[in-house]
1. Looking only at segment 332-350, which residues are in contact (Cβ under 8 Å) with a residue 24 or more places away in the chain and part of a helix (DSSP H, G or I)?
2. Can you pull out the residues in segment 133-172 that are among the β-branched types (Val, Ile, Thr), assigned to a helix (DSSP H, G or I) and more than 17 Å from GLN282 (Cβ to Cβ)?
3. Could you tell me which of the residues LEU269, LEU241, LEU259, LEU227 is surrounded by fewer than 20 Cβ atoms within 10 Å (Cβ to Cβ) and either at pLDDT 85 or above or among the small types (Gly, Ala, Ser) (or both)?
4. Looking at segment 139-151, which of its residues are surrounded by fewer than 23 Cβ atoms within 10 Å (Cβ to Cβ) and out of contact with any Phe, Trp or Tyr (no Cβ under 7 Å at 6 or more places or on another chain)?
5. So if I check each of VAL186, VAL203, VAL118, which one is surrounded by fewer than 22 Cβ atoms within 10 Å (Cβ to Cβ), at pLDDT 80 or above and either in contact with a strand residue (DSSP E or B) (Cβ under 9 Å, 6 or more places away or on another chain) or more than 26 Å from TRP385 (Cα to Cα) (or both)?
6. Only one of LEU353, LEU366 is in a helix (DSSP H, G or I) and closer than 15 Å to PRO311 by Cα. Can you tell me which?
7. Can you tell me which residue among GLY86, GLY160 is on the phi > 0 side of the Ramachandran plot and modelled with pLDDT of 85 or more?
8. Restricting attention to segment 105-132, which residues are more than 18 Å from GLY191 (Cα to Cα) and part of a helix (DSSP H, G or I)?
Amino acid sequence: MSDVNASENEWFGHPRGLFTLSMTEMWERFSYYGMRAILLLYMVAPIAAGGLGFTDKHGNSILGTYLSSVYLTSIAGGWLADKYFGLRHSVLYGGILIAMGHFSMAFPTIGSFYAGLVLIVLGTGLLKPNVSSIVGTLYRTGDPRRDAGFSIFYIGINTGALLAPLVVGYLGQKVNWHWGFGAAGVFMTFGLVQYVFGMKHLVPAEETKPNVANVVAGAEAVKEEPLTPEEKKRLWVIGILFLFSAIFWCGFEQASSSLTLFADRMTRLTFFGWTFPSSWFQSVEPLFVILLATPISILWIRLGRRDPSPPSKFAIGLLALGLGFLLIVPASAMAQSAGIRVSPLWLVGLYFLHAVGELALSPVGLSTVTKLAPRRIVGLMMGCWFVSLAAGNKVAGYVGGLFSSYPLPTVFGSVAAIALISALILVFLVRPIGRLMGNVH
């Protein structure tokens, strides 16, 4: 490919396909985070207020099961993409199922509610791991833009996550819960339309010719080759980072469980006399991510050889997560002991630290998997990676269920301690993990 043609197929110094995928993920995440912002509140709201009247424990249990299932099905979604559908078509089919799920939840029946959750779980399992895998294929091996590309991709994710609670949260809490669920389906449909028009840009940067043809046809062939010793070492690295990723998401996903209830019941929700929806707090962390994503991605590039290794960035992420929960401990003590609503700035500070942690860990984790996983099983390994989010979300639901039965300083303090200790352990593992990674950075 000539330099001219390469330039024409780039977007702000990155492959044009990155724009298509970023927009697809933005609208998919809009639908996901919008529905997630009101899901627990809808389940625990009294029946007289249009909710399901579930207890905090029951609602959090369903929330944790749903959120973990969303990522657990990523294994099957990655395998189906590698074996049968191909990455591109898996994303398309997944998006269709997700839209159907949100529209199902727009109907006010318990049957359509559960049917919608199932459809969203199946659809996200097909879409989520494979859209991230396609991002990895847009860059050649050793391309220094890869980590920055995933950070830009993350801007799309968090733009959707920022806007979703503002729109869906307002409709759900101020108008009608089911209007909120339906809006999520509408915007997922927007994402599908632009994805179909942009599929022509999703051409891998390097593949053997047969594989390129298969990707375009949507039926990638997986060669059953044994793993080399080097590949086995790299898979061990993915496994180790998987454990620390699960710990991170266990704390981070309190945003949809215990922190949602803390915002709704113990935080001031007035601004110049106007009461805003508590779900709007879930837009704060994505806003910080958007503001910080570009500076941090530029920082990684400018550091060059001094750029921290993936395990080092994971340690930074866990440190920021722990500090965020440490910050909220005194606020939860004041709110619970005195029975008052505390300043919104406590949650704003927590979400700032969590945004730093997310940017240090999540896009780097996605990028690292695409670099370490053998090309022939990259979809499957990305699916396995999302199981760490599944585990974290399930535990997050369990912890959220303790909201009404345990002192909140104890709950939040325990999460902080686990995150900080994990960060310290990982610091000591940086060099051993680096040796297993070999020449992959």
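1. Residues satisfying the conditions are SER332, ALA333, ALA335, GLN336, TRP346, LEU347, VAL348, GLY349, LEU350.
2. First pass over segment 133-172, keeping only residues among the β-branched types (Val, Ile, Thr): 134-135, 137, 141, 152, 155, 157, 159, 167-168.
Next, only the ones that are assigned to a helix (DSSP H, G or I) stay: 134-135, 137, 152, 155, 157, 159, 167-168.
Scanning segment 133-172 gives ILE134, VAL135, THR137, ILE152, ILE155.
3. LEU269
4. If the condition is that a residue be surrounded by fewer than 23 Cβ atoms within 10 Å (Cβ to Cβ) and out of contact with any Phe, Trp or Tyr (no Cβ under 7 Å at 6 or more places or on another chain), then ARG140, THR141, GLY142, ASP143, PRO144 are the ones that fit.
5. Details: VAL203 fails: at pLDDT 80 or above; VAL118 fails: either in contact with a strand residue (DSSP E or B) (Cβ under 9 Å, 6 or more places away or on another chain) or more than 26 Å from TRP385 (Cα to Cα) (or both).
When all the criteria are applied, what remains is VAL186.
6. LEU366
7. Only one candidate passes the filter, namely GLY86.
8. Across segment 105-132, the qualifying residues are MET105, ILE110, GLY111, SER112, PHE113, TYR114, ALA115, GLY116, LEU117, VAL118.
The values are calculated or read from the model by the stated rules, or taken from the named source; none is laboratory data. Nothing here was measured: the structure is a model prediction, and the numbers come from that model. Heads up, the Cβs are rebuilt from the backbone with ideal geometry, glycines too, and the neighbour counts pull from every protein chain shown.
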